[in-house]
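Accompanying notes for the structure given below.
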Amino acid sequence: MHVTVVGATGRVGRHVLDQALDSGHTVTAAVRTPANLHRDVDAVAVDLTDPDLDELGRAVMKADAVISCLGPRDKREYGVVTPGTTAIVTAMRRAGCRRTLTVSGAGVSTARTPDRPNPPKREPGAGWYNRYFATPLARRALGYSFVDFALMEDLLRASDLDWTAVRLTFLVDRPLTGTYRTALERNVRRGLRIGRPDVAHFMVRALEDPATFKKAISVSY
């Protein structure tokens, strides 16, 4: 499978790149600075804070699937996810590519958006810790970025793509285990954290799994 990895130099994207290659996939990296890549792969310079659709089109031209690890690196980039994903979706449609997996966040179903003006106050499956501490803390810490991920999911749901939004809890750096839990359209019960290599493990293995198409799936230990 030919996979385009958006954000392949990031802290999740690096693991996605490694595991996609190790699984036998051909990879094109869409990154801001190709010189920062740690593996020798085809690369296209793309800055999704100001996307160039022609360059992004080059990145997805041969792709069977796109894995997007797009997210803000700091507060100055809050709000990058929805417009960046809009550009990715546009480029995929032009290239005839339908499959995409994108990084999202636990708790975003509680964010108010134009498509969901009356969201649930508590995400289904969330235990007391996530309901009363983790999600409110994320909302305060991330501000508009929390809503940005929710808007991105609305964008995917309105598209004709075979998408999967991968909702993540608190990200940690720990060795790959390949052992974690998932939950469909709800929180993982008592799921508090997930290692970046295991996020990549799930995303790469879900690439060709129709059961994950058009779904938001939480991943946590």
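The values are calculated or read from the model by the stated rules, or taken from the named source; none is laboratory data. What you see is a predicted model; the values in this text were computed from it and never measured. Don't worry about glycine lacking a Cβ; one is built from the backbone with ideal geometry, like all the others, and counts go over all protein chains shown.
Quick notes on this one:
- Those strands (runs of 3 or more DSSP E) of the range 4-122 in which 1 or more residues are touching a Gly at 6+ places or on another chain (Cβ under 9 Å) and surrounded by 24 or more Cβ atoms within 10 Å (Cβ to Cβ) occupy 26-31, 65-68, 99-105.
- Scanning the range 170-221 for residues that are out of contact with any strand residue (DSSP E or B) (no Cβ under 9 Å at 6 or more places or on another chain) and modelled with pLDDT under 95 gives no hits.
- Qualifying residue in the range 189-212 (condition: hydroxyl-bearing (Ser, Thr, Tyr) and out of contact with any Ser or Thr (no Cβ under 6 Å at 6 or more places or on another chain)): no
- Residues (in a strand (DSSP E or B) and closer than 18 Å to residue 10 by Cβ) located in the range 168-192: 168, 170, 171, 172
- Condition met for residue 23 (at pLDDT 95 or above, over 17 Å from the mean Cα position of the chain (by Cα) and of a type in the set (S, T, N, Q)): yes
- For the range 130-141, the count of residues that are in contact with a Ser or Thr (Cβ under 6 Å, 6 or more places away or on another chain) and either under 23 Å from residue 70 (Cα atoms) or modelled with pLDDT under 60 (or both) is zero.
- Qualifying position, being basic (Lys, Arg) and modelled with pLDDT under 95, among 58, 93, 73: 73
- Enumeration of residues in the range 46-94 that are in contact with an Asp or Glu (Cβ under 6 Å, 6 or more places away or on another chain), within 18 Å of residue 11 (Cα to Cα) and touching a residue at least 60 places away in the same chain (Cβ under 8 Å): 81
- Residue within the range 158-167 that is surrounded by fewer than 21 Cβ atoms within 10 Å (Cβ to Cβ), closer than 24 Å to residue 83 by Cβ, at pLDDT 85 or above and in contact with a Phe, Trp or Tyr (Cβ under 8 Å, 6 or more places away or on another chain) present: yes
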